[in-house]
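The values are calculated or read from the model by the stated rules, or taken from the named source; none is laboratory data. For clarity, every value in this text was computed on a predicted model and none was experimentally measured. Counting neighbours? That spans all protein chains shown, and the Cβs are built from the backbone with ideal geometry, glycine included. The area values use the complete protein model at the heavy-atom level, side chains included, leaving out ligands, DNA and RNA. Shrake-Rupley method; radii C 1.70, N 1.55, O 1.52, S 1.80 Å.
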Amino acid sequence: MRDFKCLTVSVLLTAGMGAVLPAFAQGPDQTRTPLWSQADQRYGSAEMAEAREELLQEGGAQRTWYVLVNQLEAQTGDNADSLYWNGQAWYGGDIHKLRFKSEGSASLNGGGVDDAEVQALYSKAISPFWDAQVGVRYDLEPDGLAHGVLALQGIAPYWFEVDASAFLSDKGDLTARLEAEYEFRLTQRFILQPRIEADLSAQNVAERDLGTGLNAIEAGLRLRYEIKREFAPYVGIEWQGKFGRTADAHEAAGGEASEAVLTAGLRTWF
């Protein structure tokens with residue numbers, strides 16, 4: 001009986017959209033009664049409310065999860081080779097989610113992990129295309145620093161994917177990061193993805209060699225081939241530039257303030 005009532009709700013919902021039946025029934029006395037209330041009259045309001053809730057749980061209100069490894073790649077430049085990763089995962093419903101993010105790099109020349117961070121965020125949909133996020137970030141490397149996070153993530157007009165975050169460290173330093181990417185679908189399997197990431201600081205942070213303003217930009221172009229939608233190897237090229245105190249510190253350590261690197265990696269999700 002419950003399945004029949006859920007089927008009734010589904011049919012009446014479709015009817016209300018005008019796809020199968022008119023939204024109102026015409027009575028003998030020419031009165032118009034909503035089809036939805038006819039179900040209430042037939043089975044009772046309490047029974048139908050329970051059936052509608054069950055249908056909602058089965059057709060849209062269930063909890064789901066998603067894991068995306070957006071970049072898992074080897075980068076080859078003039079100075080050194082490195083492994084870079086950037087990914088996120090979430091669990092929840094359409095409005096409320098618990099979201100995790102991670103980003104970092106490690107030397108492929110025996111130097112170990114250069115930097116690594118994880119974020120744990122509460123994410124709430126504030127519009128059909130945007131989520132507001134708040135939570136914490138912890139830098140595993142290089143120095144075990146904790147931050148509060150306030151972020152906005154979503155899809156801007158013309159389908160640009162944007163992730164903008166502000167970080168306040170436990171030492172009172174305010175920094176920010178802006179990531180944006182776009183996908184040109186060349187064929188059903190070949191996708192060209194331009195991507196840019198910029199790091200900024202509101203003040204000088206001596207222990208991290210950061211100066212006020214723009215500190216670093218990474219701008220890349222990657223071409224991937226989707227063997228399956230959820231499994232896509234890619235190749236690309238990326239320009240990495242450092243500015244201000246960050247550039248000075250990098251050059252003092254024997255590096256270059258800017259360089260182009262070749263990338264090869266995998267994008268996968270499940």
Handout entry: Helix 45-59 axis, angle to the chain major axis (alpha carbon atoms, nearest 10°)
Key = 30
Problem - Potential lengthening between Leu178 and Ala206 on full extension [0.36 nm per residue; Cα-Cα distance subtracted] - result: 7.9 nm
Exercise for the section: List, in order, the whole-Hz ³J(HN,Hα) value for each residue of the range 240-248 obtained from phi through the Karplus relation with A = 6.51, B = -1.76, C = 1.60 and θ = phi - 60°; use x for Gly and Pro. Expected result: 10, x, 10, 9, x, 4, 4, 5, 4
Problem - Of all accessible heavy-atom area on the chain, the percent that carbon and sulfur account for (1.4 Å) - result: 63
Problem - Sequence-distant aspartates and glutamates (8 or more away, or on other chains) whose Cα lies within less than 15 Å of Lys242 - result: Glu197, Asp199, Asp209, Glu218, Glu251, Glu256, Glu259
Exercise for the section: Express in Å², to the nearest 10, the accessible area of Asp94 obtained by rolling a 1.4 Å probe over the protein heavy atoms while all chains stay in place. Expected result: 110
Practice task
With a point put 7 Å past each Cα toward its Cβ, work out how far Trp130 is from Gln57 in nm, to one decimal.
Solution key: 3.4
Practice task
In nm, give the distance between the simple-model label positions of Gln188 and Ala49, each being 7 Å from the Cα along the Cα-to-Cβ direction.
Solution key: 4.9
Exercise for the section: Using Cα Rg over 2.2 N^0.38 Å as the read-out, say which of (1) 0.93; (2) 1.39; (3) 1.22 was calculated from these coordinates. Expected result: (2)
Problem - the chain: angle of helix 2-16 to the longest principal axis, Cα-based, in degrees nearest 10 - result: 80
Exercise for the section: Using the Cα centre as the reference, give the magnitude of the dipole from point charges on the C-beta atoms of the range 142-263 (Lys, Arg: +1; Asp, Glu: -1; all else neutral), rounded to the nearest 20 debye. Expected result: 520
Fill in the blank from the handout: Classified through the alpha carbon gyration tensor (a ≥ b ≥ c as square roots of its eigenvalues; rounded if a/c is under 1.5, else prolate when a/b is larger than b/c, else oblate), the range 112-270 comes out oblate
Problem - Label-point separation in nm, Asp78 to Ile95, each point 7 Å along Cα→Cβ - result: 5.5
